[in-house]
Amino acid sequence: MESKINLIKRIKGFKWITSTKTSITLYKSFIRSIFDYCHVITSSSTQKIIPELQKLQNKILRIIKYFPIKTSIVNMHKCLNIEMLEQRLENLFLSFTQKKKSNNILIDEVKQFLNHNPPTSRFSNRFTTPFEKWNKIQMLEPVIA
């Protein structure tokens, strides 16, 4: 990941390609695509990883537009028209669940997991599994234990 960040830094150094639009395209192609690829896992993992990934994204956005250190994170994202990472992961997960809503095999596996793992034994509420998250968005009818 660090090599991809360095690539953006090096390209920003060229006088002929200092376009913010080009830098955003590189970010979306090389870095954000990695976040998007594993959205189910990252959006339902422990709460510690998402802030770390958000810090990484903020660092990259500062490189792209040369924002001063005291610039608000929200303002940076608005200016570059890029979603905050947590919101993007949530949107990707919702899109995924909408597409998989009619997949009976997946629905059966979710029901089976929820029926065999009562809420009290599920990792002491340390984190939410993708199955629980899917159930919370009410993609499935309530599971009777």
If I ask for residues that are closer than 20 Å to TYR37 by Cβ and open to solvent by 60 Å² or more (accessible area, probe 1.4 Å), which ones from the range 63-90 would you list?
GLU83, MET84, GLU86, GLN87, GLU90
Looking only at the range 36-62, filter to residues that are surrounded by 14 or more Cβ atoms within 10 Å (Cβ to Cβ) and modelled with pLDDT of 85 or more; which one of those is farthest from the chain's Cα centre (by Cα)?
ARG62
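The values are calculated or read from the model by the stated rules, or taken from the named source; none is laboratory data. This structure is a prediction, so every number in the text was calculated from the model and none was measured. As a convention, Cβ positions derive from the backbone with ideal geometry for all residues, glycine included, and neighbour counts pool all protein chains shown. These area figures cover heavy atoms from the full protein model, side chains too; ligands, DNA and RNA do not enter into them. Shrake-Rupley method; radii C 1.70, N 1.55, O 1.52, S 1.80 Å.
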